[in-house]
Amino acid sequence: MDTSIERLLNELESFGLENDINVKEDSPKMKNITKDTGQFLSLLIKSSKVKNVLEIGTSNGYSTIWIAKNFINSDAHVTTVEIDDRKIVMARANFRRANLEKYVTSHHEDAGAFLKRQANETFDFIFLDSDRSHYIDWWEDLNRVLQRNSLMIVDNANSHREEVADFIKLIQSSESHDSLIVSVGKGVFIIHKN
Ligand SMILES: C[S@@+](CC[C@H](N)C(=O)[O-])C[C@H]1O[C@@H](n2cnc3c(N)ncnc32)[C@H](O)[C@@H]1O
């Protein structure tokens, strides 16, 4: 990995952990993925011919950087959506610091509204790490914008099992999708759209 990106990821990892333990009234929790989830996403993306990633839930850009670092000198791209005013500013500064701005488009808005505007089968990989109470409502559009034979990865499948239980049941009942929970980081739910 590019050493300056590796240094930035290490810095953001420490910042996120420290920030979320000592969170102050005026600073939001980062709720970043764990380092091994970043490595896992990176391996999946690196080993496939993914060209157009959608991430829902940018926070300060930690997971986006794990994704976008694989796109250097390629025409692949990640689009990321974040609703929080302060976090999107932090994320954009971090994309600049990582020198990855060219590979990232960030949208400051509600993911539900964003999804409604996207054309069918636009993305060939989706990373969902946002407000879990919306996942069932968003599912129709998430599935619509995902290409066939592509993956969607959902974080917090173990850490917040109850909150995602109905969503997981919904996908497991679909004949058009294969899925599996993998115990990496906070638990990732992997969905394959057949
Ligand atoms: C778990 S954090 C994302 C962490 C990030 N993926 C990372 O690992 O660095 C979830 C994020 O989703 C954002 N979020 C919550 N509801 C949202 C919505 N309706 N639309 C877009 N973003 C939303 C939150 O502000 C928060 O930053």
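The values are calculated or read from the model by the stated rules, or taken from the named source; none is laboratory data. In this text the structure is predicted, and so the values were computed from the model without any measurement. Don't worry about glycine lacking a Cβ; one is built from the backbone with ideal geometry, like all the others, and counts go over all protein chains shown. Quick note on the areas: whole protein, heavy atoms, side chains included, nothing else; ligands and nucleic acids left out. Shrake-Rupley method; radii C 1.70, N 1.55, O 1.52, S 1.80 Å.
Numbers at a glance
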quantity	calculated
Selected residue (criterion: nearest to His192 (Cα to Cα)) from residues of segment 156-169 that are open to solvent by less than 70 Å² (accessible area, probe 1.4 Å) and either in contact (Cβ under 8 Å) with a residue 40 or more places away in the chain or part of a helix (DSSP H, G or I) (or both)	Ile168
Residue count, segment 1-49 (criterion: open to solvent by less than 50 Å² (accessible area, probe 1.4 Å), at pLDDT 95 or above, among the polar types (S, T, N, Q) and not in a helix (DSSP H, G or I))	2
Lone qualifier among Arg86, Arg97 - being open to solvent by 30 Å² or more (accessible area, probe 1.4 Å) and either more than 12 Å from the ligand (Cβ to nearest atom) or at pLDDT below 95 (or both)	Arg97
Answer residue from segment 101-124, given it is in a strand (DSSP E or B) and within 14 Å of the ligand (Cβ to nearest atom) and is most open to solvent (accessible area, probe 1.4 Å) among those	His108
Test: Ser63 is surrounded by 18 or more Cβ atoms within 10 Å (Cβ to Cβ), under 16 Å from the mean Cα position of the chain (by Cα) and assigned to a loop (DSSP other than H, G, I, E, B)	no
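Table: residues versus (1) of a type in the set (S, T, N, Q); (2) over 14 Å from Asn156 (Cβ atoms); (3) more than 8 Å from the ligand (Cβ to nearest atom).
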{"residue": "Ser27", "(1), (2), (3)": "yes, yes, yes"}
{"residue": "Leu54", "(1), (2), (3)": "no, yes, yes"}
{"residue": "Thr58", "(1), (2), (3)": "yes, yes, no"}
{"residue": "Gly61", "(1), (2), (3)": "no, yes, no"}
